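Student: Please read through the structure below; I'll follow up with questions.
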Amino acid sequence: RAGGKKYIINWAADREIDTYSKFLLLIDWDLRRIKDLVVERGGEKVKMQQGAIKIVITAQLQTDYSNRWETRPFYRFLRGFYEKYVYKDTLERLRSQLWDEGWDLVNEIKSFLNLYKYTVEAQPGRA
């Protein structure tokens, strides 16, 4: 291509927190106008790449990921009660932890790529 190569990469990673909750991270990479370059660094020629990159990270807290509470209507009702009253504090703590870990990942990626220009927008409902 005259404008460089294009890559689209979609990753999904999850981590079980307990028997009821798990974190899910969806990471979508959109790399465009990727060109191979040879630059001189410290007196040596080094192969590198140049281009534009957009990374979208979606963090989700999944509850009842094994669908144990979805088998009967009464269980669904109990699940709502459980999450609203019994598990409420734990859900709030896990949401906060997931938010922090998501931003840690964003900062880690920015450090790794050593970006000088970037745009990061926190979007409601994505944490």
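Student: What number of lysine-lysine pairs in the chain show an alpha-carbon separation below 17 angstrom, given a sequence spacing of 8 or more or placement on distinct chains?
Tutor: Summing the qualifying lysine pairs gives 11.
Student: Now, a different point. When only the heavy atoms of the protein chains count and the probe is 1.4 Å, how do ASP30, ASP100 rank by accessible area, highest first?
Tutor: Ranking ASP30, ASP100 by accessible area, largest first, yields ASP100, ASP30.
Student: Here's another thing I want to ask about it. Would you mind checking the tilt of helix 88-113 against the longest principal axis of the Cα atoms of the chain, expressed as 0 to 90 degrees and rounded to 10?
Tutor: Between the helix axis and the principal axis of the chain, the angle is about 10 degrees.
Student: Add +1 for every Lys or Arg and -1 for every Asp or Glu among the other residues with Cβ under 15 Å from the Cβ of LEU37, and state the total.
Tutor: Net charge in that neighbourhood comes out at +3.
Student: Quick one: length gained pulling LYS5 to GLN62 fully straight, 0.36 nm per residue minus the C-alpha distance?
Tutor: 17.0 nm
Student: What range in the chain is the longest one free of trypsin sites (Lys or Arg not before Pro) that are in a loop by DSSP and have at most 16 other Cβ atoms within 10 angstrom?
Tutor: Counting at most 16 other Cβ atoms within 10 Å as exposed, the longest clean stretch of the chain is 2-116.
Student: When you have a sec, figure out the Kirkwood radius of the chain from all distinct Cα pair distances and drop it here in Å to one decimal?
Tutor: Over the chain, the inverse of the mean reciprocal pair distance is 17.8 Å.
Student: If Rh is defined by the Kirkwood formula over all Cα pairs and Rg also comes from Cα, what ratio Rg/Rh do you get for region 1-57?
Tutor: Expressed as Rg/Rh, it is 1.25.
Student: What's the extension gain from LEU24 to LEU113 if we count 0.36 nm per residue and subtract their Cα-Cα distance?
Tutor: Stretched fully, the LEU24-LEU113 segment lengthens by 29.7 nm.
Student: May I ask you to give the percent of accessible area on region 1-108 that is carbon plus sulfur, with a probe radius of 1.4 Å?
Tutor: Result for region 1-108: 51 percent of the exposed heavy-atom area is carbon or sulfur.
Student: Follow-up. Sum -39500 (n - 2.57) across every DSSP H segment of at least 4 residues in the chain, then divide by the residue count to get the 222 nm mean residue ellipticity, nearest 500.
Tutor: -9500 deg cm²/dmol
Student: Can you tell me, using C-alpha contacts under 8 Å and at least 6 residues apart, the relative contact order of the chain as a whole percent?
Tutor: After rounding, I find 20 percent.
Student: Compute for region 24-96: radius of gyration divided by Kirkwood radius, i.e. Rg/Rh, restricted to C-alpha atoms, rounded to two decimals.
Tutor: For region 24-96, the value is 1.39.
The values are calculated or read from the model by the stated rules, or taken from the named source; none is laboratory data. All figures in this text were calculated on a predicted structure; none of them were measured in a lab. FYI the Cβ positions are ideal-geometry reconstructions off the backbone, even for glycines, and counts take in every protein chain you see. All accessible areas refer to the heavy atoms of the entire protein, side chains included, with ligands and DNA or RNA removed. Shrake-Rupley method; radii C 1.70, N 1.55, O 1.52, S 1.80 Å.
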